[in-house]
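These notes are about the structure you will find just below.
The values are calculated or read from the model by the stated rules, or taken from the named source; none is laboratory data. Everything quoted here is computed from the prediction, not taken from an experiment. Because the Cβ atoms are built from the backbone with ideal geometry, glycine has one as well, and the counts that use them run over all protein chains shown.
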Amino acid sequence: MSKEAFQELVQNVTSAIAGKSLDKALAAELNENFPAGSDAVKNIQSACEAAIDDGWMCDQEYGGIKFGRVIKDLDGFSVDVVHMKDVVGPHHRHPKGEIDLIMPIEGAAKFDNHGAGWVVYGPETAHRPTVTDGTAVVLYLLPDGEIEFTGQ
């Protein structure tokens, strides 16, 4: 899986949502147009798994979480991917919001109590990203790449 091929897969999503408000309506739209069982999401998940195996995705690790910024700017979003297994990540806030694609890969993994699919955090939200009940790969879209780790 090349970075260029991965970018094409993700751009199918980012081009459809660029400029939209990060809110519950966007989460509903993503889950309707790109549902967890769709070819689009299956292809993104397969690409992530292959790229992680190839070593160029999630090539950093801290506190049991493998992570990395894959794309700096795609339709106004950075694209980050994390690989988490039964772990609580560092507290951070989203100045402009965060869009997450949750892809369980082992067990009945949940991210912040959400199963497979899309979750949208609006501007000025914050959390400690948590994966329970297995292993998940989570793709993060961050408007303008903005994220602030708070140290809490």
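Can you name the number of the only condition in (1) part of a strand (DSSP E or B); (2) within 24 Å of Thr14 (Cβ to Cβ); (3) of a type outside the set (Lys, Arg) that Met57 fails?
(1) is the only condition that Met57 fails.
What are the residues in segment 93-106 that are within 20 Å of Lys24 (Cα to Cα) and not charged (D, E, K, R), if any?
Narrowing segment 93-106 to residues within 20 Å of Lys24 (Cα to Cα): 93-103.
Passing the criteria: His94, Pro95, Gly97, Ile99, Leu101, Ile102, Met103.
Select the strands (runs of 3 or more DSSP E) contained entirely in segment 85-152, then report the ones holding at least 1 residues which are charged (D, E, K, R). Can you show your working first?
Numbers: elements: 92-94, 98-111, 117-121, 125-127, 130-143.
In segment 85-152, the matching strands (runs of 3 or more DSSP E) lie at 92-94, 98-111, 130-143.
Tally up the residues in segment 1-20 that are within 21 Å of Val119 (Cβ to Cβ) and without any contact (Cβ under 8 Å) to a residue 12 or more places away in the chain, please.
Qualifying residue count, segment 1-20: 1.
Restricting segment 76-104 to residues that are touching a helix residue (DSSP H, G or I) at 6+ places or on another chain (Cβ under 8 Å) and either crowded, with 17+ Cβ neighbours inside 10 Å or of a type in the set (S, T, N, Q) (or both), which is farthest from Thr132 (Cα to Cα)?
Of everything passing the filter in segment 76-104, Phe77 is farthest from Thr132 (Cα to Cα).
Return the pairs, sorted by first residue and then second, in which the second residue is among the β-branched types (Val, Ile, Thr) and exposed (fewer than 15 other Cβ atoms within 10 Å of the Cβ), the first residue lies in segment 79-90 and is farther than 22 Å from Asp144 by Cα and touching a residue at least 24 places away in the same chain (Cβ under 8 Å), the beta carbons are less than 6 Å apart, and the residues are 6+ apart or on different chains.
Val88/Thr130
When Gly19 is evaluated against the numbered criteria (1) outside any helix (DSSP H, G or I); (2) among the small types (Gly, Ala, Ser); (3) within 16 Å of the chain's Cα centre (by Cα), which criterion, by number, is the only one it fails?
It is condition (3) that Gly19 fails.
May I ask you to verify whether Val79 is in a strand (DSSP E or B) and closer than 21 Å to Gly117 by Cα?
Against the criterion (in a strand (DSSP E or B) and closer than 21 Å to Gly117 by Cα), Val79 qualifies.
Considering segment 106-152 alone, what residues qualify as being within 17 Å of Pro90 (Cα to Cα) and among the aromatic types (Phe, Trp, Tyr)?
Those that are within 17 Å of Pro90 (Cα to Cα) and among the aromatic types (Phe, Trp, Tyr): Phe111, Tyr121, Tyr140, Phe149.
Going through His83, His94, His114 one at a time, which residue ends up being under 21 Å from Gln7 (Cα atoms) and at pLDDT 95 or above?
The match here is His83.
Tell me whether segment 63-71 contains one or more residues that are in a strand (DSSP E or B), of a type in the set (Lys, Arg) and within 22 Å of Gly151 (Cα to Cα).
Yes, that holds for at least one residue.
Farther than 15 Å from Gly117 by Cβ, in contact with a Phe, Trp or Tyr (Cβ under 9 Å, 6 or more places away or on another chain) and at pLDDT below 95: is that true of Gly64 in this structure?
Taking the combined requirement at face value, the residue does not satisfy it.
Filter segment 32-51 for residues that are in contact with a strand residue (DSSP E or B) (Cβ under 6 Å, 6 or more places away or on another chain) and over 16 Å from Thr14 (Cβ atoms) and give the result.
Across segment 32-51, the qualifying residues are Ala36, Gln45.
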